[in-house]
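Asks: Below: one structure in structure tokens.
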Amino acid sequence: MSRVLSLLVRNWPLRLGAIALSLVLYAGLVVAQNARVWPGQVPITPIHQPPGTFLLNGLGDVTSIRYLAPVDVQSQVTNASFIATADLSGVGSYPGGAPVSVPVTVVAPDKRIQVLGWTPPTVVATLDPVITRDIPVRVDRGTVPAGLTAGEPSVDRTTVTARGASSLVGQISAAVARVSIDASGINVDGNVDLVAVDDKGDAVAPVNLEPATVHVKILVGQQLSSRTVAIVPAVTGTLAEGYAVRDVQVDPLTATVSGTQAVIGALDSIATAPIDVTNRTTDLTATVALDPPDNVTIDGSGQVRVRVRVIAESGSRSFGAGLQLAGTRSDLTYRLSVPDVLVTLGGTQAALAAVDPASLAAIADVGGLDAGASSVLVRFQAPPGTTLVAITPARVTVTVVVPATPTPSPSPTPAPSPSESPAI
């Protein structure tokens, strides 16, 4: 009996392990026999993509999804029953991109569906830094129909901003507005979509252009003329009080315009869009568009740089100023030939308007004067922002008087007292 028990307990850990392995293999066999495969395609969605990066390649689809589900659920399974994602949080971003293998995760929102496996288990992701760059605008007017003449294209802006992966934005040489000239001779005047192209003229995509369109004008006709005319800045509005426009500078000074012979022949100049200087006190520098008349186009960008130089207006104004004495003595009396003087101040209109007349005072220094009449120079300190132009009169007469010593009055004789009897 003891030998039988010994045989049963000998190597019992190995025996238990063998039993457990058998159970696992049996369970796997059961699952394999009951598992189903969904053959449809589920797009792989990138998640946790680092900000400021661009995914250069698509991640593709997940196929052959193996899953377990109750019998009543199996008939309801569709592509929408699964979500496939690839976590890009650990993918580095480098100019030109560097391929990185990323694991794919597939889950089923319906908890009754258990996902067992899928293909592919990993995908390759390539991230590139996102950059922006200003791109020149170019108009491609294509082939002009026979018998027609097309003027130079005019656009409302010369550059746009391209944003996208550095490896793509770096290839862009221009943003092209492609227009087609109709054989009927209709002028081109409207917004045109822009396409980013490389040096060979091939489209570069995907990138974002801001703005995505430009307004293009092209005059089309049988006989068109070109002419160089002066540019006239259109300054509008009123400056702040006390300020004036010194001059207006424009760069360039002229523009080449195109149109029919009748219109161009009568055109001597072209104005800019309005430049508002309302309430300004300083110079204004701005880039503004030209404002051509109807049926006239401008060769080139159609924009000019204008500088309006503003100056403070200067002038003079006279004020009355009371005279104050300096250096007086308490034992002398002073008399002035005039009580006040007229001071003329110069400066900007704004500074002169800020002067408070009640605060103005001129000084006559009488220190050291002897008794009698003396001519004294009048001094005046101009308020801040102004200068003294003149004082009228520039000198005043000051009469110094020594007060007379008063004569002592005689002492009065005392009257007799009523109680005293007269002498007999």
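The values are calculated or read from the model by the stated rules, or taken from the named source; none is laboratory data. This one's a predicted model, so the numbers in the text were calculated from it and none came from an experiment. Here the Cβ is made from the backbone with ideal geometry for all residues, glycine too, and neighbour counts use every protein chain on show.
Asks: So which residues in the range 209-224 are modelled with pLDDT under 95 and among the polar types (S, T, N, Q)?
Replies: Gln222, Gln223
Asks: Something else: Is one or more of the residues making up the range 91-101 buried (at least 17 other Cβ atoms within 10 Å of the Cβ), at pLDDT below 90 and small (Gly, Ala, Ser)?
Replies: There is at least one residue in the range 91-101 that is buried (at least 17 other Cβ atoms within 10 Å of the Cβ), at pLDDT below 90 and small (Gly, Ala, Ser).
Asks: How do the pairs read when you match residues in the range 55-71 that are more than 11 Å from Leu116 (Cβ to Cβ) with residues anywhere that are assigned to a loop (DSSP other than H, G, I, E, B) and among the basic types (Lys, Arg), using Cβ under 8 Å and keeping only pairs 6 or more apart or on different chains?
Replies: Pro70/Arg112
Asks: From the list Val245, Val306, which residue is more than 25 Å from Thr159 (Cβ to Cβ) and in a strand (DSSP E or B)?
Replies: Matching residue, one of Val245, Val306: Val245.
Asks: Quickly run through the range 53-72 and pick out the residues that are over 17 Å from Pro39 (Cβ atoms), in contact with a Ser or Thr (Cβ under 9 Å, 6 or more places away or on another chain) and not polar (S, T, N, Q).
Replies: The answer is Phe54, Leu55, Leu56, Leu59.
Asks: Being over 31 Å from the mean Cα position of the chain (by Cα), touching a residue at least 24 places away in the same chain (Cβ under 8 Å) and over 30 Å from Thr348 (Cβ atoms) narrows it down to one residue among Ile231, Ile218; which is it?
Replies: Matching residue, one of Ile231, Ile218: Ile218.
Asks: From the residues in the range 308-324 that are among the hydrophobic types (A, V, I, L, M, F, W, C) and under 38 Å from the mean Cα position of the chain (by Cα), which one is farthest from Thr344 (Cα to Cα)?
Replies: Step by step, filter the range 308-324, then rank; the result is Val308.
Asks: Would it be correct to say that Thr256 is among the hydroxyl-bearing types (Ser, Thr, Tyr), surrounded by 12 or more Cβ atoms within 10 Å (Cβ to Cβ) and in a strand (DSSP E or B)?
Replies: Yes.
Asks: Here is a further query. Which residues, counting only those in the range 333-378, are charged (D, E, K, R) and part of a strand (DSSP E or B)?
Replies: Correct list: Arg335, Asp340, Asp365.
Asks: Applying the selection to the range 214-242, what residues are among the aliphatic types (A, V, I, L, M) and assigned to a strand (DSSP E or B)?
Replies: Val214, Val216, Ile218, Val220, Leu224, Val229, Ala230, Ile231, Val232, Val235
Asks: Here are Thr119, Thr149: which of them is among the polar types (S, T, N, Q) and in contact with a Gly (Cβ under 9 Å, 6 or more places away or on another chain)?
Replies: Answer to the check: Thr149.
Asks: Also, I was wondering about something else. If you go through the range 164-191 one residue at a time, how many are in contact with a Lys or Arg (Cβ under 7 Å, 6 or more places away or on another chain), under 23 Å from Val144 (Cβ atoms) and of a type in the set (Val, Ile, Thr)?
Replies: Residues that pass the stated criteria total 4.
Asks: Ala183: surrounded by fewer than 15 Cβ atoms within 10 Å (Cβ to Cβ), in contact (Cβ under 8 Å) with a residue 12 or more places away in the chain and among the hydrophobic types (A, V, I, L, M, F, W, C), yes or no?
Replies: Considered against the rule, which asks whether it is surrounded by fewer than 15 Cβ atoms within 10 Å (Cβ to Cβ), in contact (Cβ under 8 Å) with a residue 12 or more places away in the chain and among the hydrophobic types (A, V, I, L, M, F, W, C), Ala183 comes out as yes.
Asks: Pro95 passes all but one of (1) of a type outside the set (D, E, K, R); (2) assigned to a loop (DSSP other than H, G, I, E, B); (3) out of contact with any helix residue (DSSP H, G or I) (no Cβ under 9 Å at 6 or more places or on another chain); (4) under 29 Å from Thr132 (Cα atoms); which number fails?
Replies: Unmet for Pro95, out of (1) of a type outside the set (D, E, K, R); (2) assigned to a loop (DSSP other than H, G, I, E, B); (3) out of contact with any helix residue (DSSP H, G or I) (no Cβ under 9 Å at 6 or more places or on another chain); (4) under 29 Å from Thr132 (Cα atoms): (3).
Asks: Test Thr405 against the stated conditions and say whether it is on the phi < 0 side of the Ramachandran plot and loosely packed, with under 14 Cβ neighbours inside 10 Å.
Replies: It is true that Thr405 is on the phi < 0 side of the Ramachandran plot and loosely packed, with under 14 Cβ neighbours inside 10 Å.
Asks: Report yes if Val123 is at pLDDT 90 or above, crowded, with 20+ Cβ neighbours inside 10 Å, over 30 Å from Val296 (Cα atoms) and within 26 Å of the chain's Cα centre (by Cα), otherwise no.
Replies: Criteria not met by Val123.
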